[in-house]
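Here's the structure we're looking at; comments come further down.
What follows draws every value from the coordinates through simple rules; no lab data is involved. These numbers were taken from a predicted model, which means no experiment stands behind them. FYI the Cβ positions are ideal-geometry reconstructions off the backbone, even for glycines, and counts take in every protein chain you see.
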C-alpha cells in the first residue's frame, strides 16, 4: 500500500483570499480524501438581530459579504417584506434587478481574475479586473458605494436611477461586450488555461444534486436550477433561462460564469426597457410577526434567509445559509483523485466566499 | 407572496422516516437551522423544482438527542455540526462529527446561553 501523507492546506495560502482549511490525505501526489475546517473568522452577525431594530439590520446584512453585499441586503428585505405582507413599488423591483445583476457581473469578473491569478496568468488577471473596475464605476455612480451599496431598504430601495442614466448604463454595458468576449475567449480557448481546467474536478450530475450544491457549480453539472426563476423582485417579468453545462468539470464551471456575464447584460437591458415610472419605496409601519425563508440567487448560488419575528422591533432569529456553505460538500467530492497541484484551482472553482460562510 | 412554502410539524422519532421520504421523492436538502433558547426548533428545508418544503421539529431542550440525517443526505453533516457548535443541540451519529470544533468560537454554544452551563 502506498504511504499516505496528510498535508494541511490553508487557512493561509497564496491563492486563498479568505481562510478555509483542508486536511488533504495524499497517496503520492494524488488526493484521496479531504477534511474541511472552517470557523476561523466566525462573526456571529446573525445574533445581532436580537439587538438591532429590524429596519436597521439591513446595514448588517449588507456587510455579511463584501462582494454580493446588495443581494444580502435585498434578501433580508424580502424576508421581512414577506412576513409583513408589504408589496414594494414596481420601479423598486426593477432597480433591485439592475443592482443584483451588476453585483453578479463584478463578482464573476473578480472570480475570473482570481482564477487567472491561480493559474499564473497575470495579464489575464489584470484584464479581468480592469473590466470589473468598469462595473464598479457604474455601481459607484448609481449608489455612491463600490462595495457596500446601501441602496436596499425594507419597502423598496433608497436611491433611484433616472431613465437617462439607466439607458447610458445599458449602452456602456453593450459596448463592453467586445472587450469581455476578448478576455473570456482566453479562458475558453487558450490551451494553457484549458489544460488546467478541462476534466479537472468533475462533479457528476447526480452527485451535484445529492450533495445540495448550488449556483454555477450545480448548473455546470447539468442542472437547470436558478433561484431567480422563483420570480422575486422583477425577475418574474424577465425572460431568461438558466445557463447550464454538462461536463461538471472546472472548465464547465468557468464557462457557466462567463455565459452568465453576458446574460446579466441582457437582463439589465430587459429591466431598463420595462422599468415603469413611479415611487421607489413605501412607508413601512408596524412590526413583523411570523417567519419566512427568503431565497435569492447570488453570484455563487442560492442564499436563504430564515427570519423569525414575534411582533417586536427585534427578530427572534435570523439564519443565513450562504451558497459557499452549501458548496463545501461538492468540493469534498471533487478533490479525491485530483493532483495536489490542482487543489488551489479546484477550491477556486466553487468561488468560495468564507466571509459569507462565517457570517 | 414570492413562493408557497409548505411546512410540516414532525416529532423526533418521525425524523429519519420523513427525511428518507423526502430523499426518495427526489428533494434536495437545502438547509437545516435552529432557533430558540429553551425549547429548540429545528427546520429541515427541502427543494424540488422550486417547490419548498420545510419539516419543523421541536425538542424540549438541547438535552434531547436528535438523530443525524447525514446517512440519508451526505451534506447534512455540516448543518448538524453547526447546530451543535452554536446551539448545543446533541446530534447522534453524524457522519463526520467535529465534536464541537467546527466553529472556533471563544464562547461555547454562543447562540444558546442556556446550553453553556
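The peptide list A:117-124, B:41-48, A:98-105, put in order of mean Cβ contacts within 10 Å with the highest first, becomes A:98-105, B:41-48, A:117-124. For region A:237-333, a/c is not less than 1.5, where a ≥ b ≥ c are the root eigenvalues of the C-alpha gyration tensor, and a/b does not top b/c. That puts it in the oblate class. State log₁₀ I(q)/I(0) for chain B at q = 0.10, 0.14, 0.15, 0.23 Å⁻¹ as given by the Debye formula over alpha-carbon point scatterers of equal weight, solvent excluded. These q points yield log10 I(q)/I(0) values of -0.29, -0.56, -0.64, -1.34. Estimated at 0.36 nm per residue, the fully extended path between residue A:239 and residue A:3 surpasses their Cα-Cα distance by 79.5 nm. Compared with the dominant principal axis of the Cα atoms in chain B, helix B:76-87 is inclined by about 40°. The Cα atoms of the protein assembly as shown cover 65, 61, 41 Å along the three principal axes, with the biggest extent listed first. A crude spin-label estimate for the pair residue B:50 and residue A:12, with each label 7 Å from Cα along the Cβ direction, gives 4.7 nm. Computed over the Cα atoms of region A:1-109, the ratio of the radius of gyration to the Kirkwood radius (Rg/Rh) comes to 1.17.
Taking 0.36 nm per residue of separation and subtracting the Cα-Cα distance, full extension of the segment from residue B:23 to residue B:107 would add 26.7 nm.
Taking each residue as 0.36 nm, the span from residue A:130 to residue A:181 lengthens on full extension beyond its C-alpha to C-alpha distance by 17.0 nm.
Taking the C-alpha atoms only, the angle from helix A:323-334 to the longest principal axis of chain A is near 20 degrees.
Judged by the mean number of other Cβ atoms found within 10 Å, the most tightly packed of the peptides A:286-292, A:216-222, A:227-233 leads the ranking A:216-222, A:227-233, A:286-292. Label zone of residue B:64 (point 7 Å out along Cα→Cβ, amide N under 13 Å): in region B:18-51 this covers B:35-43. Taking 7 Å steps out from each Cα toward its Cβ at residue A:283 and residue B:99 produces label points 6.0 nm apart. Inter-chain Cβ neighbour count for A:231-237, averaged per residue, equals 1 (cutoff 10 Å, partner chain atoms only).
Here the label points at residue A:59 and residue A:190, each 7 Å from Cα along the C-beta direction, are separated by 4.3 nm in the simple model.
Highest average first, the peptides A:306-312, B:28-34 ordered by how many other beta carbon atoms sit within 10 Å of their residues are B:28-34, A:306-312. With helices as the sole contributors, chain A gives -15000 deg cm²/dmol at 222 nm; each DSSP H run of n ≥ 4 counts as -39500 (n - 2.57), and the sum is divided by every residue.
With neighbour counts taken as other beta-carbon atoms within 10 Å, the residues A:55, A:136 rank, fewest first, as A:55, A:136. I'd like the orientation of helix B:15-24 relative to chain B: the angle between its Cα long axis and the longest Cα principal axis, in ° from 0 to 90, rounded to 10. In chain B, helix B:15-24 runs at an angle near 40 degrees to the longest axis.
Once C-alpha pairs closer than 8 Å and six or more residues apart are averaged by separation and normalised to the residue number of chain A, the relative contact order reads 26 percent. At an R0 of 41 angstrom, the distance between the Cβ atoms of residue A:266 and residue A:339 translates into a FRET efficiency of 0.65. Per residue of B:27-40, other chain Cβ atoms within 10 Å of the residue Cβ number 5 on average.
The mean number of Cβ atoms from other chains found within 10 Å of a Cβ in peptide A:41-48 is 3, as a whole number.
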